[in-house]
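The values are calculated or read from the model by the stated rules, or taken from the named source; none is laboratory data. Everything numeric here is computed off the predicted structure, so don't read it as measured data. Cβ sites come from the backbone with ideal geometry, for glycine too, and all protein chains shown count toward neighbours. All accessible areas refer to the heavy atoms of the entire protein, side chains included, with ligands and DNA or RNA removed. Shrake-Rupley method; radii C 1.70, N 1.55, O 1.52, S 1.80 Å.
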Amino acid sequence: MAGHKIGTGLLPWLAYSYGFELMFIVLAIAGFSMGLIVVLFINTKHTESKYTSKSMLTIPSPLKSIEVWKIVMAAGFLTVPQMAILTFGSIYMRDILHIGLASISIILIGVQIGGGMLRIWSGYYTDKKKNRISLLKYYAILAGIASLLLCVMVNNTYMGVVFVVLTGLFGHAWHGIAYTEVAMKAGIERTGTALGMIGTTVFITSFLTPIIIARIADGYGWSAVWGAVAMLTFAALLCFIPFSNRSKF
């Protein structure tokens with residue numbers, strides 16, 4: 001009888017385990033396939049580039065351009081609110097706001113979808129208006145204010161959800177225009193280097209943000225977490241100071 005109980009309890013666990021293994025196998029196959037496609041694409045472009053005139057590489061490296069570095073550093077600060085919501089937003093909503101997992105999933109999915117739509121709109125809008133730096137400033141201000149208000153209303157369920165969503169949306173919206181602007185500052189011949197710079201900065205911030213938030217939440221609480229996120233987001237504005245005389249704020 002005991003063996004029957006153990007076997008009965010073991011079957012769901014095995015099914016659960018094999019389900020995860022199957023999922024990871026599918027993801028691994030998908031990742032390998034995408035990697036193979038990327039390699040083939042790069043190889044094709046490399047073959048084409050052999051016929052490109054060497055004179056096209058006379059533009060100075062973006063690594064030496066302060067204009068490029070300003071945007072690269074701003075992107076690092078603007079990554080903080082996005083990663084804060086994606087990595088610890090669910091924990092905050094569950095532990096402090098006492099929201100169920102189903103509702104949390106819906107909220108975060110909405111943030112992702114809404115953020116994607118806002119990125120597309122931002123790209124379309126700035127393509128027409130040519131005001132990418134100005135919009136990046138506004139997103140830094142809006143995301144910072146949303147995080148700051150979340151810091152103040154950290155225990156209010158309804159306001160907490162509202163400002164989590166707003167912080168997430170504005171934290172997602174800047175990617176396309178920042179990447180485009182840094183590529184334009186570097187020049188078409190140096191786009192690869194410039195995009196590599198900003199991609200590395202975003203990756204480093206994505207790695208550091210959850211570690212910092214975990215330590216702040218453990219030592220000082222969630223109000224301090226959202227206050228720190230707000231301050232780091234506002235810090236992106238410092239990177240845009242030299243541009244203030246060139247484009248309207």
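Miscellaneous remarks
- Placing unit charges on the Cβ atoms only, positive for Lys and Arg and negative for Asp and Glu, gives the stretch 57-183 a dipole magnitude near 340 debye about its Cα centre.
- Net charge of neighbours whose Cβ lies under 12 Å from the Cβ of Ser65, counting Lys and Arg as +1 and Asp and Glu as -1: +3
- Cα-only Debye scattering, the stretch 118-249: base-10 log of I(q)/I(0) at q = 0.15, 0.22, 0.23 Å⁻¹: -0.80, -1.37, -1.42
- Solvent-accessible surface of protein heavy atoms, probed at 1.4 angstrom with all chains present, puts Arg215, Arg94 in the order Arg215, Arg94, largest first.
- Between the C-alpha center of the stretch 171-227 and that of the stretch 76-146 there is a gap of 13 Å.
- Using a probe radius of 1.4 angstrom, the carbon and sulfur fraction of the accessible surface of the stretch 140-198 is 72%.
- Label-to-label distance for Ile141 and Leu208 is 2.6 nm, based on points extended 7 Å past Cα in the beta-carbon direction.
- Qualifying trypsin sites (Lys or Arg not before Pro) for the stretch 125-164 [loop in DSSP, other Cβ within 10 Å: at most 16]: Lys130
- Tail beyond 16 Å, pair distance distribution of the stretch 93-137 (Cα, percent): 54 percent
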